1. How about the range B:1-120: which helices (runs of 4 or more DSSP H) wholly inside it have at least 1 residues that are away from chain A (no Cβ under 14 Å) and surrounded by fewer than 23 Cβ atoms within 10 Å (Cβ to Cβ)?
2. Only one of B:135, B:164 is within 12 Å of chain A (Cβ to nearest Cβ), at pLDDT 95 or above and more than 25 Å from residue B:459 (Cβ to Cβ). Can you tell me which?
3. How about the range A:289-303: which of its residues are away from every other protein chain (no Cβ under 12 Å), touching a residue at least 40 places away in the same chain (Cβ under 8 Å) and over 13 Å from residue A:216 (Cβ atoms)?
4. Evaluate the range B:209-229: report whether one residue or more is within 12 Å of chain A (Cβ to nearest Cβ), at pLDDT 90 or above and not in a helix (DSSP H, G or I).
5. Of all the residues that make up the range A:122-134, how many are facing chain B (nearest Cβ under 9 Å) and closer than 22 Å to residue A:219 by Cβ?
6. Look at the range A:135-158 and say how many of its residues are more than 10 Å from chain B (Cβ to nearest Cβ) and more than 25 Å from the chain's Cα centre (by Cα).
7. Report yes if residue A:116 is farther than 30 Å from residue B:200 by Cα and part of a helix (DSSP H, G or I), otherwise no.
8. Spot the failing condition for residue A:246; the list is (1) in a loop (DSSP other than H, G, I, E, B); (2) modelled with pLDDT under 85; (3) surrounded by 14 or more Cβ atoms within 10 Å (Cβ to Cβ), and only one is missed.
């Protein structure tokens, strides 16, 4: 037992130090590509830290979204920056910016240290263990329709927050589409390895997403994790040169993108029309309704993440000549 | 009819309606303009429904999902929420009418979904009674605002939007940190429950600091206003109007709500600090506005200055609560109307002449009389001349300051008005005179001129509506009970 505790301590200390070191390296790395790779590593370590804190749901989300998809988005942005640099020859200017950034500035550093010390003191002054609302959650878990407390909070007790979060994701995509220019021609044929890999992996990823969605009702998992895995499948397909056919790039794509928010809005209207409160599921059917909402949300999240990776609005000549 | 009106839960309608409208605009871009206008008009009607409901039944409360706080989220609306919702719907409708002619084809397809989702976010924000839910609405609002600010494209707009995005995210994260501290310390995220449970402790002070800094950053109070002028000045005119008139008010409303319910009783000199920063904002913003050579930047810096007035209320509220808070509420409402009118008028000038250099305005009065009139009327309210909403707000503020012998604040309020007169007359002066260079001009649709004029006229009209508006705001006693009545 003693040895095990010691092992845990050693592991946690190494993990903490590793996180700090990686964070510092990400911020100070002069090379953008290096910084992105380090950031992905940081995300994976962070996921481990969540596991150690007994928060497997957050760990899954951190690994899939924080490390995986954010990393992919950053790499996509990096690739685009390089084409811009080539076209406009602003590499020299970027170089200058880098040098300026690296010079150490005393005032911000002192200020940040003071803030960090104050916040550190505050966090240490907090009671070590706060029950929060966990007692209330477990008391009401039975009538929520699912047995995983995280899913119960996200889809039932605070389903309204999740509805708004779905809209946040949609808005992010709208924002990206409204400023992205015309699609860059990227018709590089994939190598044989990438091609085979994506053929093998895509079905597996879709299956994993479906499993995560299903298992979310009673164990760590759920719409956001499943959506992230689905998004990863989309990214893989996009990387191997696959593009949505132009018949589907218009309204059909948009319908899938808004399926999650629309399902929530429809559910809200349904619950209010049947005499309940806003998003008050009938107790007997709560589990089924939650699964329905989560399925729609997973499709939207996955598609939105893949669309964010692509960046440009898929071309549809009929709508925007 | 009455029974039907009170049976519908208007608060939920106010959130779902623009949400559904925004999604519909996204799905059917060709019909975006019509769908958008219809949705905004329906929101305006729903706000009247909610107002009627609140007037008859008192405070509106709705337990989402049938769980009550603290487990679930409650919607809540009193007079203050109603005022913000009404301001949003009114100004939003005016700007929508303007935008229907401003944005064409592809631009319209981009603008309408984002604007309707922004409207949903604002309504959700003003109806929320939960600090975490407020964070989500804040994030939604910020993201929509940034997307709108970037709509113009090009170097300036993208740079400004990027700065706006970073400031906005930093603000949200600081706020979220505060939420985490409050939840850990007191086991609830419902504002009313926190109000009962919170007591002075390091965690509460840290939460106050983090949430205040985050929200001040988003409200662009001096010296955290650095992101506002570039973002507001480089956006398309209706977007600048939305950002200046409504979006900065969203974060201010959260700060005001938290202060009234949770942090105010803690004391500790934070109100004095807010007053000082407000003073700084009034002086710095006005002086910067006077220095500008471009009209849009002038109007943007005027926003920086006017935000300062909202914060003058904090130090005055300690012993003249109702008067000072009523002043702030009135200033928020009249600034929303007047500033929207000013930005829309500026948009007309920009479209007409193709530029917004103040020195080359070249007899705008003769060529765009309605626009010039809108600008001047809005200017009257911004300066605080009678009769206007701005006058009522500043008068209440002066009253609160005079009863406490705060001559320092009295002089700041008056000086701010004089400086505002300086920058407004600078513009009007150039609008009357012949410029050295004459230029090509482009037709401005009548609807765009009338939208600006009617909003400005609303700001003036508020000068006559002080007592009904203030009695409406008083429903549910959002400002507490106080000894002085206006």
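The values are calculated or read from the model by the stated rules, or taken from the named source; none is laboratory data. None of the values given here were measured: they were computed from a predicted structure. Quick reminder, even Gly has a Cβ in these numbers, built from the backbone with ideal geometry, and neighbours come from all protein chains shown.
1. B:2-7, B:32-57, B:79-102
2. Unique residue meeting the criteria: B:135.
3. Listed by number, the residues that qualify are A:299, A:302, A:303.
4. Within the range B:209-229, none of the residues are within 12 Å of chain A (Cβ to nearest Cβ), at pLDDT 90 or above and not in a helix (DSSP H, G or I).
5. 2
6. 4
7. Values: farther than 30 Å from residue B:200 by Cα: no; part of a helix (DSSP H, G or I): yes.
No, not satisfied.
8. (3)
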